[in-house]
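Note sheet for the following structure.
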Amino acid sequence: MTVTTNGSTPGTPDNPWGDTKTDTPSTGVNLGPTRRPRPVFPEPVPPEVHGPARVVAMVNQKGGVGKTTTTINLGAALVEYGLKVLLVDFDPQGALSVGLGINPLQLDLTVYNLLMERNVTAEDVLLETGVEGLDLLPSNIDLSAAEVQLVTEVAREQVLGRVLKPLLPHYDVCLIDCQPSLGLLTINALTCAHGVMVPLECEFFALRGVALLMDTISKVQERLNDELEIEGLLATMYDARTLHGREVLARVVEAFGDKVFHTVINRTVRFPDATVAGEPITTFDPSSLGASAYRELAREVLSRWPAPATMAR
Ligand SMILES: Nc1ncnc2c1ncn2[C@@H]1O[C@H](COP(=O)(O)OP(=O)(O)OP(=O)(O)O)[C@@H](O)[C@H]1O
Ligand SMILES: [Mg+2]
């Protein structure tokens, strides 16, 4: 059997993402930072045809946990594996747009216009980024008004899903970067998503509020979107040198088990640096550990999705 450089079975046209192997050298079990046997995720084969997209909402009502950083860098890593990716900035702060080198204040049309104005189409708002295959629906502070204005709309939780629909056949993955709140905008993202990904900063209060988030996800599953799955919880800003970091990660794994991604994102200043440069870390510093971590996350995510990922629904 052919084995790729990382020990996994390579993908084939019938099984594009290959088979995940657990990296257990004869010397013993290789435990990753999550203290579980560390699988080796296969190198994906680029899809020959694109779409329809699997939609993933990046959600945690806690601020500053790595939602936007993960949206940009997971998106860019998936593009390196040949997927076409649509990013949706669904935060009035516009940090996703800024992180991709766009000044949100200079935009005429944003996701706000797409949601609220019937004559604006997704193509009108769509921007290409500096990374080929990675496109963006940008936002700015205008979006904060939508939270209030949507309240009186018919089917107010389904507005984002309706406006995204025409774009989804053209992409393999759509990542929605949510604001740190569980308000109506985030509910819209959860209502149109196939999966929800929860970044958690490895610090003392990491799990604070996660019970409320899980409760909200359950309610959306019951009432609005019974296909919504929890993609996984992602530990971010991890520092293996501190006992504190290791303890927090152990607690997260104890609480959520296999829902926690094996891939862990370390704390490094290269992420803020890449944001200032307005590009993903995969292009800003392609050989950095941060770039490798997001490539590993991309492989892990793809290994969890039905093959091919794009035929999930
Ligand atoms: N792994 C990391 N190591 C170091 N800094 C990081 C890391 N991930 C993100 N950061 C930095 O932490 C800050 C918060 O990250 P980010 O904006 O991605 O979080 P967020 O959850 O989207 O925040 P918000 O809730 O405000 O939208 C940013 O300055 C970002 O550059
Ligand atoms: Mg953010």
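The values are calculated or read from the model by the stated rules, or taken from the named source; none is laboratory data. None of these values were measured; they are calculated from a predicted model. Virtual Cβ from ideal backbone geometry, glycine too; neighbours counted across all protein chains shown.
If you check Glu157 against the conditions, is it in contact (Cβ under 8 Å) with a residue 40 or more places away in the chain, assigned to a helix (DSSP H, G or I) and of a type in the set (Asp, Glu)? Walk me through how you get there before you give the answer.
Details: in contact (Cβ under 8 Å) with a residue 40 or more places away in the chain: yes; assigned to a helix (DSSP H, G or I): yes; of a type in the set (Asp, Glu): yes.
Judged against the criteria, Glu157 is a match.
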Checklist line | Unmet requirement for Leu143, which otherwise passes all of (1) within 16 Å of ligand 1 (Cβ to nearest atom); (2) under 20 Å from the mean Cα position of the chain (by Cα); (3) crowded, with 20+ Cβ neighbours inside 10 Å | finding: (2)
Margin query: Condition (residue is more than 22 Å from Leu233 (Cβ to Cβ) and near ligand 1 (Cβ under 9 Å from one of its atoms)) applied to segment 254-265: is it met by at least one residue?
Written below: no
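Yes/no matrix, rows are residues, columns are (1) surrounded by 14 or more Cβ atoms within 10 Å (Cβ to Cβ); (2) of a type in the set (A, V, I, L, M); (3) away from ligand 2 (no atom under 16 Å from the Cβ):
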| residue | (1), (2), (3) |
| --- | --- |
| Leu213 | yes, yes, no |
| Leu233 | yes, yes, yes |
| Tyr238 | yes, no, yes |
| Thr242 | no, no, yes |
| Ile265 | yes, yes, no |
| Thr283 | yes, no, yes |
| Val301 | yes, yes, yes |
| Arg304 | yes, no, yes |
Checklist line | Tally, over segment 169-197, of residues that are under 18 Å from Leu234 (Cβ atoms), within 14 Å of ligand 2 (Cβ to nearest atom) and surrounded by fewer than 24 Cβ atoms within 10 Å (Cβ to Cβ) | finding: 1
Check: Restricting the first residue to segment 234-249 and requiring it to be at positive phi, which pairs with a second residue that is charged (D, E, K, R) and outside any helix (DSSP H, G or I) meet a Cβ separation below 7 Å and a spacing of at least six or different chains?
Finding: Met237/Glu201; Met237/Arg267
Check: Just wondering, is there one or more residues in segment 230-242 that are assigned to a helix (DSSP H, G or I) and farther than 20 Å from Pro180 by Cα?
Finding: no
Checklist line | Conditions (1) surrounded by fewer than 21 Cβ atoms within 10 Å (Cβ to Cβ); (2) touching a helix residue (DSSP H, G or I) at 6+ places or on another chain (Cβ under 6 Å); (3) modelled with pLDDT under 95: number failed by Cys202 | finding: (1)
Check: Which pairs do you get when a residue that is over 10 Å from Pro138 (Cα atoms) and basic (Lys, Arg), found in segment 73-101, comes within reach of a residue that is assigned to a helix (DSSP H, G or I) and away from ligand 2 (no atom under 11 Å from the Cβ), reach meaning Cβ atoms under 7 angstrom, with the pair 6+ apart or on two chains?
Finding: Lys84/His170
Next item on the list: Scan segment 276-313 for residues that are at pLDDT below 95, among the polar types (S, T, N, Q) and within 22 Å of Leu136 (Cβ to Cβ) and jot them down.
Entry: Thr310
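To keep it simple, each residue is scored yes or no on (1) farther than 26 Å from Asn188 by Cβ; (2) free of Cβ contacts under 8 Å to residues at least 12 places away in the same chain; (3) assigned to a helix (DSSP H, G or I); (4) polar (S, T, N, Q).
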position: Asp226; (1), (2), (3), (4): no, yes, no, no
position: Glu254; (1), (2), (3), (4): yes, yes, yes, no
position: Pro272; (1), (2), (3), (4): yes, yes, yes, no
position: Ala293; (1), (2), (3), (4): yes, no, yes, no
position: Arg299; (1), (2), (3), (4): yes, no, yes, no
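Scan segment 168-219 for residues that are assigned to a helix (DSSP H, G or I), within 14 Å of ligand 1 (Cβ to nearest atom) and not small (Gly, Ala, Ser) and jot them down. Give the derivation first.
Filtering segment 168-219 down to residues assigned to a helix (DSSP H, G or I) leaves 168-170, 184-192, 210-219.
Pick out the ones that are also within 14 Å of ligand 1 (Cβ to nearest atom) and you get 185-186, 189, 210, 213.
Of everything in segment 168-219, those that are assigned to a helix (DSSP H, G or I), within 14 Å of ligand 1 (Cβ to nearest atom) and not small (Gly, Ala, Ser) turn out to be Leu185, Thr186, Val210, Leu213.
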Margin query: For segment 62-115, which positions are farther than 22 Å from Ala298 by Cβ and more than 16 Å from ligand 1 (Cβ to nearest atom)?
Written below: Asn103, Leu105, Gln106, Leu107, Asp108, Leu109, Thr110, Tyr112, Asn113, Leu114, Leu115
Notebook entry, point to check: What number goes with the only condition from (1) β-branched (Val, Ile, Thr); (2) within 26 Å of Thr283 (Cα to Cα); (3) within 14 Å of ligand 1 (Cβ to nearest atom) that Val131 does not pass?
Noted result: (3)
